[in-house]
1. Tabulate in residue order the Karplus-calculated ³J(HN,Hα) for segment 61-69, using 6.51 cos²θ - 1.76 cosθ + 1.60 with θ = phi - 60°, rounded to whole Hz; enter x for Gly and Pro.
2. How far apart, in nanometres, would the label points at R128 and A14 be if each is projected 7 angstrom from Cα along the Cα-to-Cβ direction?
3. Pulled fully out, how much extra length does the chain show between R178 and T150, if you take 0.36 nm times their separation in residues and subtract their Cα-Cα distance?
4. For segment 214-258 and segment 81-144, what is the separation of their C-alpha centers, rounded to whole Å?
5. Can you tell me the Rg and Dmax of the chain, counting just the alpha carbons, in angstroms?
6. Which order results if E197, E73 are arranged by neighbouring Cβ count within 10 Å, fewest first?
7. About the Cα centre, and with charges only on the beta carbon of Lys, Arg (+1) and Asp, Glu (-1), how big is the dipole of the chain? Nearest 20 debye, please.
8. Of the residues A106, A190, A176, which exhibits the maximal mean-square fluctuation in a Gaussian network model of the chain defined by a 10 Å Cα contact cut-off?
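Read the figures in this text as sums done on the coordinates, not as results from a lab. Please read these numbers as outputs of a predicted model, since none were measured by experiment. Every residue, glycine as well, gets a Cβ built from its backbone with ideal geometry; the counts of neighbours run over all protein chains shown.
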Amino acid sequence: MDGTEPPPGTRTLARGLAVLRAVAAGAGDLRAVVEHTGLGRSTAHRLLQLLTSEGFVRGGGAAPYGLGPALIELGFTALHRNPLPVVARPVLEELSGRVLDTVHLAVEDGGTALYLDKLPGSRGAEMRSRVGHRMPLTRTGIGKALLLDTPDRWEALYAAESAVVPQAARLPEPAAFRERMSGYAEQDAAFDLEENEPGIRCVASPVRDATGRIAGAVSVSATSPYMPARRMRGLVPVVRAAAGRISAGLGGPGPAGGRPRTGRGGGPAD
């Protein structure tokens with residue numbers, strides 16, 4: 001558990017959620033759950049028994065613990081009650097067929113980019129992303145697209161996320177990062193120049209709802225041989241148009257509206 005005191009009367013619920021998160025993180029037996037949560041062995045065992053009987057956890061005994069079917073059902077229910085993935089899906093499918101590369105849909109959740117949909121590309125290496133996976137905001141193209149309207153957050157998030165990045169990561173200096181983000185905001189599209197995963201590049205654009213706020217983002221990702229600088233620049237209007245169509249489906253500005261367009265951008269030539 002993270003040490004934060006839960007509200008009065010919710011301690012047992014908080015402990016059960018901690019056990020679920022431990023199992024989701026790979027704790028496959030009672031000992032691992034205890035180590036991950038800091039709970040007593042008997043408490044952890046009782047919670048695992050209850051969660052298993054309710055279908056939130058599977059396994060136990062000789063079989064390792066894992067997330068159960070009840071969570072899958074709830075996850076799909078939550079996903080399909082969010083209008084964004086429903087509205088976006090046909091647009092994503094059309095975009096995927098056009099570009100042949102991996103297409104993602106994501107939202108900001110808990111200070112990370114949370115993937116709601118993924119259509120794998122038909123060429124190049126398979127990417128580690130998956131639906132439900134979380135990635136950094138300031139190192140991924142789709143994460144940067146989610147941040148384009150909030151420049152007051154750029155430095156703090158960049159500093160926090162850069163602090164946990166392996167030294168080999170290709171990260172710009174803070175001043176260069178802000179300059180890139182300013183360019184991305186002007187063109188309403190962002191790039192991942194292999195800052196998150198070596199050999200993977202990305203072009204992304206935000207989706208806006210009826211209030212004009214960023215509700216999500218769309219990206220096209222591919223290995224670097226398929227993403228030279230010239231193609232990345234050429235994909236900007238394509239990805240931006242797809243994001244605009246999804247925005248229109250949410251009652252927001254369509255492909256031709258809502259944001260200024262300039263030619264400066266945050267080009268991938270550097």
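1. Once θ is set to phi - 60°, the couplings for segment 61-69 become x, 6, 8, x, 5, x, 5, x, x Hz.
2. In this crude label model, R128 to A14 measures out at 3.2 nm.
3. 8.9 nm
4. 12
5. 20.6, 63
6. The order, fewest Cβ neighbours first, is E73, E197.
7. Approximately 400 debye in magnitude.
8. A176
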